[in-house]
Each structure stands twice: as structure tokens, then as C-alpha cells.
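These notes are about the structure you will find just below.
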Amino acid sequence: MCIASIILPYYKKKFFIKKSIDSILKQSFNKFEILIIYDDENKDDLSYIKKIVNSDRRIKLIINKKNLGAGRSRNVGIKFSKGEFLCFIDADDIWKKNKLKEQINLMKKNNYFISHTSYEIVNEDDQKIGYRKARTFKSYRELLTSCDVGLSTVIIKKSIFHNNLKFPDLKTKEDFVLWLKILKKGFTIHALKKNLTSWKKTKNSLSSSTYQKLKDSFTLYNRYMKFNFFKSLIYTFILSINFIFKNY
């Protein structure tokens, strides 16, 4: 019986994905499916990914016909998912052994629709370089100037994905837009303050591109939050300053 659908987009993460998959397969909670969405038009890594898929019957592979980006690939995963709960993880992140069990039990007990956890930040050598403590958000205004929800820590009930709720077509900040949309619909993002995830900071990831983040931040406020040009600029500046202070 599949209770949780774990959605994992893949794009050029060959040296990291095996550890991520292993951390899922070693979970103390095992009623899940893993949906790997292969999002690279270059098929060089496909045979390697298929070996991983063939190692466990709970792993399924979806191959995009063209590169869609992480957000839209997650939308594909949501479409084909069968679980009551949707879980997200990037191909280079790691879950602690009891992540699914503790978080899903919390959500079932309290009838939460969405939750996230605290997480540690590690470098490519798995050395801890930072920490983010989860907190509960009841209004989008509380989250508006700093994205303090780690994507690989989030679990959402699939039932809230209707009325065109989905990840937007952005290269970065696509998860931030979704969290804000969910909050604007009246849901609370609940916190499990336990550290249950390791988020890997890599040198060449899109999330490390300053220009791309600035561009997508402006789009977030201007297009999705419907702020005017100058208000969008101000919020982009505030978001950038908060990001800098978080990294010190």
C-alpha cells in the first residue's frame, strides 16, 4: 500500500543521487513510492539511473521528452503520484532514518495538510556548514521576505493540489512561490523542529547563481505576488539582504 509518493527530479546529479535514494530506502517508514523524473535531454546518465530503478520495485522512472526544469518536473511527478502524502527531495539531499515516520505521524495525528522540518546544510564533502530551524507559518506575510522552508523537508497532502495549484515555471524560487500560494489559500505550514534532513550546497547548482536568484526573485514578487515594479524591487532587495545574513 502506497501512502507517500516521493518526487525526485533528476538533472546531472550522478555523483549524489545514489546516497539520496539510499537514505529513502532505509527509512523506518516503508509504505512509499519513489518517482524519479529524468529531466536531462542528454541521456548519458539514463542507464545508471535505470540500474537504481531496477534495484527496488517501489522506484519508478518518468523520462521527460524535453528539459522542463525542477519545478515543472515535480508537477509531472504529482500528476502520476498515487500516495496520500507528497514528499519532495532533491537528488543531492539526504533524509534521516525516521524522517517519513515522524513527519507523517505528526500530520496524521493533527490533521496537518503541510509540514516541514529543520535541516542541516552540508558541503560536497558532507561537512556541516549551517543549520536552519523550522518554524510554523500561518500567513504568507510571515514568509514573504525570507524563504525559510527547505524543499527537501516538505510533506504535503495531495488533496490540496487542485484549482491549478502547482510549481511555477522558474529556474529558482519555484518552491518559494508554491509555499506562498499555499499560505495565501489559508493553509498553515506546520513545523517539526527536529533536524531530519541534510541539504547539500554544491558549487555549480542553479541555487548558487546570484543573477538567476535575483531575476527569479523579482519575477516572484512582480508576477506571482502581483506587486508593482518598485515594490517588487524593494522586496527583492530585502530578500537578498536576508539571504546574506542567513549565511553568516
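The values are calculated or read from the model by the stated rules, or taken from the named source; none is laboratory data. Computed from a predicted structure; not experimentally measured. Glycine gets a Cβ as well: all are built from the backbone with ideal geometry, and neighbour counts include every protein chain shown.
Can we say residue 176 is surrounded by 15 or more Cβ atoms within 10 Å (Cβ to Cβ), of a type in the set (A, V, I, L, M, F, W, C) and in the same structural domain as residue 23 (by TED's automatic domain parsing)? Steps first, please.
Working: surrounded by 15 or more Cβ atoms within 10 Å (Cβ to Cβ): yes; of a type in the set (A, V, I, L, M, F, W, C): yes; in the same structural domain as residue 23 (by TED's automatic domain parsing): yes.
Considered against the rule, which asks whether it is surrounded by 15 or more Cβ atoms within 10 Å (Cβ to Cβ), of a type in the set (A, V, I, L, M, F, W, C) and in the same structural domain as residue 23 (by TED's automatic domain parsing), residue 176 comes out as yes.
Has region 210-229 got any residue that is in contact with an Asp or Glu (Cβ under 6 Å, 6 or more places away or on another chain) and under 24 Å from residue 93 (Cα atoms)? It would help to see each step written out before you state the result.
We begin by selecting, within region 210-229, every residue in contact with an Asp or Glu (Cβ under 6 Å, 6 or more places away or on another chain); these are none.
No - not one qualifying residue is present in region 210-229.
Answer with yes or no whether residue 28 is in contact with a Pro (Cβ under 6 Å, 6 or more places away or on another chain) and among the polar types (S, T, N, Q).
Working: in contact with a Pro (Cβ under 6 Å, 6 or more places away or on another chain): no; among the polar types (S, T, N, Q): yes.
No, not satisfied.
Out of the helices (runs of 4 or more DSSP H) lying entirely within region 109-221, which hold 1 or more residues that are closer than 19 Å to residue 5 by Cβ?
Those helices (runs of 4 or more DSSP H) span 174-184.
Can residue 90 be described as of a type in the set (Asp, Glu) and surrounded by fewer than 14 Cβ atoms within 10 Å (Cβ to Cβ)? I'd like the intermediate steps shown before the answer.
Details: of a type in the set (Asp, Glu): yes; surrounded by fewer than 14 Cβ atoms within 10 Å (Cβ to Cβ): no.
Considered against the rule, which asks whether it is of a type in the set (Asp, Glu) and surrounded by fewer than 14 Cβ atoms within 10 Å (Cβ to Cβ), residue 90 comes out as no.
Out of 160, 156, which single residue is buried (at least 21 other Cβ atoms within 10 Å of the Cβ) and either within 21 Å of residue 81 (Cβ to Cβ) or touching a strand residue (DSSP E or B) at 6+ places or on another chain (Cβ under 6 Å) (or both)? Break it down stepwise before answering.
Values: 160 fails: buried (at least 21 other Cβ atoms within 10 Å of the Cβ).
Only one candidate passes the filter, namely 156.
Please tell me if residue 243 is of a type outside the set (Lys, Arg) and assigned to a loop (DSSP other than H, G, I, E, B). Can you show your working first?
Values: of a type outside the set (Lys, Arg): yes; assigned to a loop (DSSP other than H, G, I, E, B): no.
No; evaluated as a whole, the condition is false for this residue.
Would you point out the residue of region 179-216, among those that are buried (at least 20 other Cβ atoms within 10 Å of the Cβ) and among the polar types (S, T, N, Q), that is farthest from residue 117 (Cα to Cα)?
Of everything passing the filter in region 179-216, 198 is farthest from residue 117 (Cα to Cα).
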